[in-house]
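To start, the structure itself, in structure tokens.
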Amino acid sequence: MTVQNADKALSRKQRLQEKQRRQLAVVDTVDKAEAKVRKAEVELAVAVTEAVQVFGDELSASEGLDMPVEAIRRFLGMAQDEAAGADNVAEAAGTS
């Protein structure tokens, strides 16, 4: 009695379909993770913006948060981009 490999029992079409199913599942997982990371980055950008306001300037916030000034600036830019995007969406909704 011999044991056959499960892959050999499947047709070429079935193997391709299974491969595509696994690929789509991986892409879906990555997409969901990217969305979570983006949401977290936006939350961090809002928090950094608030920290800059509380500390008074970027350098003080950098020292207070123990975060490089470049990172502070990157998050401030993200917050501005998000605010601009929200404004554009609000304007588009108002003109419809």
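Quick note: the coordinates plus some simple rules give every number you see, no bench work behind them. Remember, it's a predicted structure, so these values are computed and weren't measured experimentally. Methodologically, a virtual Cβ is constructed for each residue, glycine included, from the backbone with ideal geometry; neighbour enumeration extends over all protein chains shown.
Mean-square fluctuation check for the chain, GNM, Cα pairs under 10 Å: which of LEU24, LEU76, LEU59 is largest?
Of LEU24, LEU76, LEU59, the Gaussian network model singles out LEU24 as fluctuating most.
Over region 26-96, one equal point on each Cα, no solvent: what is log10 I(q)/I(0) by the Debye formula at q = 0.13, 0.15, 0.26 Å⁻¹?
-0.49, -0.61, -1.03
Starting from the 7 Å offset along Cα-to-Cβ, what nm value, one decimal, do you get for the label separation of ARG21 and ALA9?
1.4 nm
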